[in-house]
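In what follows, a structure is listed as structure tokens, so that the remarks can point back to it.
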Amino acid sequence: MEDLALALRGVTVRRGDFTLADVSFSLPTGFVLGLVGPNGAGKTTVIRTLLGALRPESGQVEVLGRSLPAPDDLRQDVGVVLDRPHLVEDWRLDQVEQALRPFYRRWDGARYADLLATFGLDRRATVKTLSRGMAMKLQIAIALSHEARLLLLDEPTSGLDPVARDELIGILGDYLVDERRSVLFSTHITTDLERIADHLTLLRDGRVVSTGPKDDLLSAYCLVRGSAEELPADGLVPLLGARRTPVGVEALVAADDVPLLGPGVLVEPPTLDQVVVHLAAPTAARTAVHA
């Protein structure tokens, strides 16, 4: 049986007018899962469900081999990185350690100090004075100081400049040297996942559109361009997320359907961004596709 860092099996969660509907996907231990989709797709709801903040009305949630709801000591092994830290804004960074240390049995003060220095964070600075990039680094320092085995990152690079985003990828690469560690990276910025994600789960409107290894997902589709006559909406080949303009049509098609296209259609491998954009489009298939 495959060792899983987390798994959702048929999970349905309702929050007001929004429903996370029959969601199923998993993350093998030692890998990075990119959770992608447009704003409002349900990524944050998934994170909150994995943290136990939201309880599903149906389905099963498993984190590090334990079914939720789990005892509070599960937090010892889970680190959370948000777009802004949920900490008292007037705390200095040394006060952050004083406040959090009692909650973590494996807290390593020397490790925390070393990480703050490595990330260029001043212990005397207050939480409210940190930039978005610095706040992200602080949360990672906290997670690594209590030896978290699983990192849950909820849109951590939103609003960051390219340098800060590149630094995060490097930090995560170092974290994953230990094969017992895993990362769920929720984002709508797909370029952040090009270098680091092993698996992808694409959400739209609270449902899974596609889930599986990243390379399998990329190889399962081709990007096609052609005229309206060559790529008709009611043609033999289903067009996923078709974009129609006066000069032609661009769409994603299943790789197995490419031989059915006419000779004038341009076919090329898609980028990860193109796969996400077209599969998440309103005209894309709404049922799960397991790459």
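Observations
- Residue tally, condition of a type in the set (A, V, I, L, M, F, W, C) and either free of Cβ contacts under 8 Å to residues at least 24 places away in the same chain or in contact with a Ser or Thr (Cβ under 8 Å, 6 or more places away or on another chain) (or both), over region 49-65: 3
- Residue in region 228-248 that is over 21 Å from residue 42 (Cβ atoms), assigned to a strand (DSSP E or B) and among the polar types (S, T, N, Q) present: yes
- Answer residue from region 155-191, given it is under 15 Å from residue 43 (Cβ atoms) and free of Cβ contacts under 8 Å to residues at least 40 places away in the same chain and is surrounded by the most Cβ atoms within 10 Å (Cβ to Cβ) among those: 157
Here is a yes/no grid of residues against (1) touching a His at 6+ places or on another chain (Cβ under 8 Å); (2) under 30 Å from residue 165 (Cα atoms); (3) modelled with pLDDT of 90 or more; (4) exposed (fewer than 15 other Cβ atoms within 10 Å of the Cβ):
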| position | (1), (2), (3), (4) |
| --- | --- |
| 211 | yes, yes, yes, no |
| 230 | no, no, yes, no |
| 237 | no, no, yes, no |
| 244 | no, no, yes, yes |
| 268 | no, yes, yes, yes |
| 274 | no, yes, yes, no |
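- Segments classed as helices (runs of 4 or more DSSP H), wholly inside region 15-127, with at least 2 members that are under 20 Å from the mean Cα position of the chain (by Cα): 43-50
- Qualifying residues in region 174-194 (those that are in a helix (DSSP H, G or I) and under 20 Å from residue 6 (Cβ atoms)) - the one farthest from the chain's Cα centre (by Cα): 175
- Extreme residue, modelled with the lowest pLDDT, among residues of region 104-138 that are hydroxyl-bearing (Ser, Thr, Tyr) and either surrounded by 15 or more Cβ atoms within 10 Å (Cβ to Cβ) or outside the structural domain of residue 76 (by TED's automatic domain parsing) (or both): 104
- Restricting attention to region 195-249, the residues that are more than 30 Å from residue 14 (Cβ to Cβ) and touching a Lys or Arg at 6+ places or on another chain (Cβ under 9 Å) add up to 6.
- Residue count for region 198-208, restricted to those that are surrounded by fewer than 23 Cβ atoms within 10 Å (Cβ to Cβ) and either among the aliphatic types (A, V, I, L, M) or without any contact (Cβ under 8 Å) to a residue 40 or more places away in the chain (or both): 0
The values are calculated or read from the model by the stated rules, or taken from the named source; none is laboratory data. Only a predicted model underlies this, so the values are computations on that prediction, with no experimental measurement involved. Quick reminder, even Gly has a Cβ in these numbers, built from the backbone with ideal geometry, and neighbours come from all protein chains shown.
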